[in-house]
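Trainee: There's a structure below that I have some questions on.
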Amino acid sequence: MTVPSTPRSATPVARDPRATGVRRHRREDRAWRIGGRLATILPIVGFAFVMIVLAVKAWPAFRVSGLGFITHSAWQPGNTYGGTQRVHGVLIPQGATYGAWPMLLGTLQTSAIALLVALPISIGTAFALTERLPKWLSAPLGFFVEILAGVPSVIIGLWGVLVLGPFLSRDVYPIVANHLPNVPVLRYFRGSVGYGEGLLTSGLVLGLMIVPVIASTTRDLFLQVPPLPKEGALALGMTDAEVARRVTIPWVRSGIIGATVLGLGRALGETIAVAMVSGSVLGTVAPNVYGTMTTIAATIVTQLDSAATDGTGFAVATLAEAGLVLAIISVVVNLLARTIVRRAGRMAAPVGRA
Amino acid sequence: MDEVTRQKATPNEVDRALAHLDPDAGRPSNVVDVRSLSLQFGAKTVISDVTIPFERGTITALIGPTGSGKSTFLRTLNRMNDRVVGFRHEGEVLLDNESIWSSSQDLLSLRRRVGMLFQRPNPFPMSIKDNVVAGVKAHGIAKGRELDVVAETRLREVGLWNAVKDRLNDSPYRLSGGQQQLLCLARALAVGPEVLLLDEPTSALDPLSTEAVENLLRTLVPALTLIVVTHNLGQARRVSDRTMFFYEGRLVEHGPTPALFESPRDPDTARYVNGLMG
């Protein structure tokens, strides 16, 4: 590398004061470069490390259960105080068998419900905050949306199990369950409504938790949409709803998808609130939307204690395997979202363009 | 085949036949009629007491220094100012003899009849074709295969068809600025407006694109009535039939474009059109 030459005086004693400056800059440059490289590889190393540890820990469980792990439903720790048996070379408790299908399905179901509920509410909230409400009202309301994003999930879970669940199962679910026709899809909204702990309550609580995540991002996105295209749509005789649907939302569509993936990531991985309102029932798929169930994340936290009592380590390995499945789901969801963003970005305006 | 005997029509008959074909027959000759219009934002008066008719099928240029109120005036004609906080108006604006603010006036159809082109191209985030038919779809004027016809017709009308016919489903943001503005013009024309408001339509364009737009504007009359705000005095002279000079919220002088530029009556007008005030 060539360094800008510093004029040096004939006598080496008299040092050019600029020379030290150059040296200092070179040092800074190097630190900056090394720091930059570190920062670049850190996420990759971190992600790889987590996945490798999970895979290593899960390996015994994978050898025993194979791919059947994600298709079977039974969740039996076996007799942890009795004898052991050897399956595919792995020592496991007598009668132990694990299948993650119900919690895998539960994870996807609760997140899907959360997204279906949260996305329209979030966009509506963001739209109201940016386009509808006067400034003196939208500023404090926007602040509250952001505060809501910061409420610890255990508090929302507590509220869900103490207030929302009982209220829904007493005053809302019965009405829905008794009035919907016995046809496909809607059939799952009929039948016993339980006591408020279950699939739909979990989905709604999750939805509430991700609304602020999506809404605050979407509000910031809407604020970036330049006024000129919106005026153009109004001047063409479009209604406000049409302007939102055809101009404002498409303008930031890829950003909204990104925010949604962020929310979805939180819903997929949310642990404690779901553990509190899902009923935490292992090994069965909810018969209708009110049925008790559990998710992968909730299972890991609720079962870790008892898994530690399994002397063979098979139960812990199984939880690690469940964790690996969850991590893979998150990665797949992110990749899918990227594809969608790329497709949506095709018509998007260059940033800063009016 | 039958022999058709053709008789020469007298000029009078031709006139009558043409008059019969004219869709604007029986309508007032002034498509827009502004009467004692004053506009205010809060306590600030932006336009005071303007009375001026706009004759159907003509191009009127609105000129004047920045802050003279001409853009506000223009944006009032399709009620784009209505939602601006503090906006108030006195007086009347009649469109075909009906007030644009009357309760029987539907805002959406008013804006369909009075279209607008902006300072800078503002295509929507959708394909080129969807841009052209966006308004048509919103107003339910055409649907399905008809939309393709509308898109082609309007793109041909603005001279953009050959440039974009192979990429109708592409993003409009890859077009040049001039092409984007022509696309916006096609979009505005697609809903079949009677009046087109142009707010400095070429201020963001290069000279060649400007010329293309100007030439196009001359082809739109007399089918449409055009009202153009421009800072470009040459443009006002080239395209407009009549010119209105705004200064400090007042309509100082108006008249046929050559007369206003060559023999202005008001000293302020004279200074402005001679480049001594800007």
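The values are calculated or read from the model by the stated rules, or taken from the named source; none is laboratory data. Just so it is clear, the model here is predicted, and its values are computed rather than measured. Cβ placement follows ideal geometry from the backbone for every residue including glycine, while neighbour counts extend to all protein chains displayed. Remember, those area values only see protein heavy atoms, side chains included, never the ligands or the DNA or RNA. Shrake-Rupley method; radii C 1.70, N 1.55, O 1.52, S 1.80 Å.
Trainee: Compute accessible area for region B:159-197 by itself and then with all protein chains, 1.4 Å probe, and report residues whose area falls by 50 Å² or more.
Mentor: B:TYR173
Trainee: Could you work out the mean count of beta carbons from other protein chains within 10 Å of each residue's beta carbon in A:245-258?
Mentor: For this peptide, the per-residue mean of nearby foreign Cβ atoms is 2.
Trainee: In the Gaussian network model of chain B, springs joining C-alpha atoms below 10 Å, which of B:GLU200, B:GLU90, B:GLU214 carries the largest mean-square fluctuation?
Mentor: B:GLU90
Trainee: A:ILE328 to B:LYS143: FRET efficiency via 1/(1 + (r/R0)^6), r the Cβ-Cβ distance, R0 60 Å, to the nearest 0.05?
Mentor: Once the sixth-power term is evaluated, E becomes 0.85.
Trainee: Taking the Cα of B:ALA223, stepping 7 Å toward and past its beta carbon, and measuring to each backbone N in region B:148-171: which are under 20 Å?
Mentor: The answer is B:148-165, whose backbone nitrogens lie closer than 20 Å to the label point.
Trainee: Another question about this same structure. Quick one: what are the phi-derived ³J(HN,Hα) couplings along region B:145-152, Karplus 6.51/-1.76/1.60 with θ = phi - 60°, whole Hz, x for glycine and proline?
Mentor: Values, residue by residue: 5, 4, 4, 4, 5, 4, 4, 5 Hz.
Trainee: Whose amide H sits under 5 Å from the amide H of B:GLY91, counting only residues 5 or more places off or on another chain, with H placed in the peptide plane?
Mentor: Answer set, sorted by chain and number: B:SER38.
Trainee: Next question. Charges on Cβ only, +1 for Lys and Arg, -1 for Asp and Glu, centred on the Cα centroid of chain A; of A:HIS179, A:TRP101, A:GLY191, which one is farthest towards the dipole's positive end?
Mentor: A:TRP101
Trainee: Nearest 0.05, what FRET efficiency do A:VAL53 and A:LEU335 give at R0 = 35 Å with Cβ-Cβ as r?
Mentor: With R0 = 35 Å, the Cβ-Cβ based efficiency is 0.95.
Trainee: For chain A, what's the relative contact order in percent, using C-alpha pairs closer than 8 Å and at least 6 residues apart?
Mentor: Value for chain A: 23 percent.
Trainee: Please calculate how many Å² of accessible area region B:26-273 carries per residue, with a 1.4 Å probe and no DNA, RNA or ligand atoms counted.
Mentor: 40 Å²
Trainee: Return the distance in nm (one decimal) between the two label points of a simple spin-label model at A:LEU304 and A:GLN224, each offset 7 Å from Cα along Cα→Cβ.
Mentor: Using points 7 Å along Cα→Cβ, the separation is 3.6 nm.
Trainee: P(r) for the protein assembly as shown: what percent of alpha-carbon pairs falls in each 10 Å bin, starting at zero?
Mentor: In whole percents, the pair-distance histogram is 3, 12, 16, 16, 14, 13, 12, 8, 4, 2, 0, 0.
Trainee: Accessible area lost on pairing A with B, both sides, 1.4 Å probe, Å² to nearest 100?
Mentor: 2300 Å²
Trainee: Taking the alpha-carbon distance from B:LYS165 and a cut-off under 17 Å, which lysines remain once sequence neighbours fewer than 8 residues away in the same chain are dropped?
Mentor: Once the sequence-local lysines are set aside, what remains near B:LYS165 is B:LYS129.
Trainee: Considering every pair of different Cα atoms, what Kirkwood radius, in Å, is found for chain A?
Mentor: About 24.2 Å for chain A.
Trainee: For A:LYS135, list the lysines whose Cα falls under 28 Å from its own Cα; do not include residues on the same chain fewer than 8 positions away.
Mentor: Reachable lysines: A:LYS230, B:LYS44.
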